[in-house]
1. In degrees between 0 and 90, to the nearest 10, how far off the longest principal axis of the chain does helix 2-16 point, with axes built from Cα atoms?
2. Which residues does the label zone of LEU440 cover in the range 370-408, counting backbone N under 19 Å from a point 7 Å along Cα→Cβ?
3. Give me the one-decimal Kirkwood hydrodynamic radius in Å for the range 475-586, with the sum taken over alpha-carbon pairs.
4. Can you figure out the FRET efficiency of THR485 with ALA377, using R₀ = 22 Å and their beta-carbon distance, to the nearest 0.05?
5. Can you report the principal axis dimensions of the range 659-764 using only the alpha carbons, biggest first, rounded to whole angstrom?
6. Which residue, THR660, LEU715, VAL692, has the largest displacement toward the positive end of the dipole of the range 624-764 when charges sit on each Cβ (Lys, Arg +1; Asp, Glu -1)?
7. Expressed as a rounded percentage, what relative contact order does the chain have, with Cα pairs under 8 Å and six or more residues apart?
8. What percentages make up the Cα-Cα pair-distance distribution of the range 703-764 when the bins are 5 Å wide from 0?
Amino acid sequence: MISGTKALLSTALSTIALGTSAQAQVSASPNSPGTAIATPAASPGDEQVAGDIVVTAQKREQRLIDVPVAITAINSEALTTQNLNRIQDFYDRVPGLQYSGQRVSNLSLRGISTGGATNPTIAILVDDVPFGSSITAGQPPIPDFDASVTDRIEVLRGPQGTLYGAASLGGLIKYVLKQPDTKEVSGRLELGGTSLSHGDEGYSARGSINVPITDWLAVSASGFYRDDARYIDNQLTGKKDTNSRKIWGFRAAALVKPTDNLTITGSALKQKVDALNSDLQITTGGVPICVACTTGGTAATRATAPTTFEPVYGDLSLRTLDSPNKSQFELYTGRAELDLGGATITSISAWSVTNNVISSDLTPSFPFIPPLYGSPAGSGVLVDTTDRTTKFSQELRAGGAIGSVDWLVGGFYTVEHAATDQAIRVIAASGPVATAYAGLGPNRYRELAGFADFTWHVTEKFEVQAGGRYAGNRRTSTSQAVVDTPAVPVYGSSSTQVSRSSDNAFTWLLSPTYHFSRNLMVYGRIASGYRPGGPNLTVAGVGAYGSDRVVNYEIGFKGRVVPGLLTIDTAVFQIDWKNIQLQGTTPSQLGIITNGGKARSRGVEFAANLTPWHGMSIDGALALTDAELTETLPAAGTGSLRGADGDRLPFTAKTTASLTALQRLDLSERLAASISANYTYVGDRFSGFSQVNGTRPRILIPSYDTLNFTAALTLDKAWSATFYLRNAADTRGIAAAQNRNGTSVPTALFIQPRTVGLTLGYNF
């Protein structure tokens, strides 16, 4: 009976896909979600060292110290205990990671950014499955995967186009989810509460369990619910603490080993968000009209008074129509790994659905719309944006070793249907007036790629890695504009456009590595990246934009400099960027994408872990980045931007840093404690480039720093209580600011105010 059930399960799961992912192992400071600098895990038979990490950055299990890539690991336990749930809560603890909004396209690494609203420059992966869209259409919010389902988050810096394809121009963020385990029953229950200065309270509940049914079958499940604390008042509605955000989700997975050399895993994940005013930016003042800006030249821009960022409506307050936001994400995967002795065949199949609907009060950006309807009393402009993407992907790869050469070859296919639909609505005190403009933009994108990667171990200490990827893509884009009669003078008549395009690219890497010892290495890396182009269908007379490419030159060093005391991970890089894609804004406030000339980003990244005495761990990370244009932007055409050779790229701080000190204490045989302090610093950053016809200067976002504390108690290695204090000085740091390329009033998004929280957990 058991064998029959076993065969049935094997057949059923095999029809889903072939493939599995190797589970990475992390042991890092549980109260420090910053850069996890730890020595790599030992291979079977070698001595295991505390704090070791095994990663799958190159699609196979490797010690971190053996991977010639700059990687940061973020411990999921630290995220849960300190309630760091959204990437905006912890991005400043990952030096080199830039944040300018809550969309995937608003994230960047190593300065490879032109301000967002373009095709993404970094890839988001969930267990090696691409998340969201590879193009502008259908761009979802950054995934808010709860740490109850996450083993850790890996951040890979530098272009990763050879193994991960398009949209990894600056690097990628990989969510490694927890996998079922056939060894023992285990689980965790957790309750948390938070209280915000100037706000109210929030709470969270999480639970997860792993059950091995037999030695060849295990299942796991997890679920969570969060009600985040609120702290922004709305002066228009007269309501306090209006930025609500409720999120819930679950994941279920099953692992089966029908034979000793075959492992099959199937999983389903779903998360849902219901929010109000959650991502609204707080309107600020103090920016003069830049009359001279219309004549061109950056000197005029720099000569104007800087943004003061004084809130117009009071501290942590805004005056806006309520903006509801609902989003949902589903991911279904099937994986199997077949070990043939000399080679391993892996297949990963996935299907995902993302939906996001948000209404935003953009009256300051569209002041010309209400007059078209006679400016009724209390009139404003709401913009409804609906993003949706359905995506299927299939990867099949094989890897192994022949003599002194490690090899990996594979193929990848994806097809996605994505769309971003927008409606510009006029709202009056008496209710809705009209829909001035409605735009529908369905897109179909297909990509087929083949890749190969080889590492030749020339000697016991010296090796050379080389790889390449050839990819071709096809895209069909449709744009349907429905324009109300009074708005025709602004947006033109209603129309429907269809565009088809195709493109191909070859990306490559070359990386020599020298191991001074088993735990000390230096590497060089030259790698390229690519991002596809596409059409601008929403604006008449604006043509398609082309692809852009990067080449990264890097030298890195990592290892245990003093065994048991000091570990260092550092890299020096320069990225050359050609035909850069740029976000622009038309006079009617519609977004477009254009191409500029050249840019480059160079910098130094340094991370270290120091363990000076028993129980003490000090983790530090520093990123120095100089990202700028190396060619003046073309000043012709709709939505042209102003930028001169030497101007800094958007949202990239020249200096970011993080320092964490953690002390563990054994109070008794049953009771343990830990205390930690964390300091982060984010330097000043410029917003997106201003337009030639813009009336406002480019915003210089000021620097900020934060101080955070954590204290924890653990009883019998099962019960735990963690108290945390985030942003202890109640700093009004600005995570992002923009003025729509100098065409609208400035807005700013502030970091969360002082937060006090308590998390109670039980492991079994």
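1. 30 degrees
2. Within reach of a label on LEU440: 384-390.
3. Values: mean 1/r = 0.0538 Å⁻¹.
Answer for the range 475-586: a Kirkwood hydrodynamic radius of 18.6 Å.
4. Values: r = 22 Å, r/R0 = 1.00.
Working from the Cβ atoms, E equals 0.50.
5. 70, 24, 20
6. So the residue furthest toward the plus end is VAL692.
7. Numbers: 2355 pairs, mean separation 100.2, N = 764.
Relative contact order of the chain: 13 percent.
8. 4, 15, 17, 13, 12, 11, 10, 7, 5, 3, 3, 1
The values are calculated or read from the model by the stated rules, or taken from the named source; none is laboratory data. The structure displayed is predicted, hence computed values, not measured ones. Methodologically, a virtual Cβ is constructed for each residue, glycine included, from the backbone with ideal geometry; neighbour enumeration extends over all protein chains shown. The area values use the complete protein model at the heavy-atom level, side chains included, leaving out ligands, DNA and RNA. Shrake-Rupley method; radii C 1.70, N 1.55, O 1.52, S 1.80 Å.
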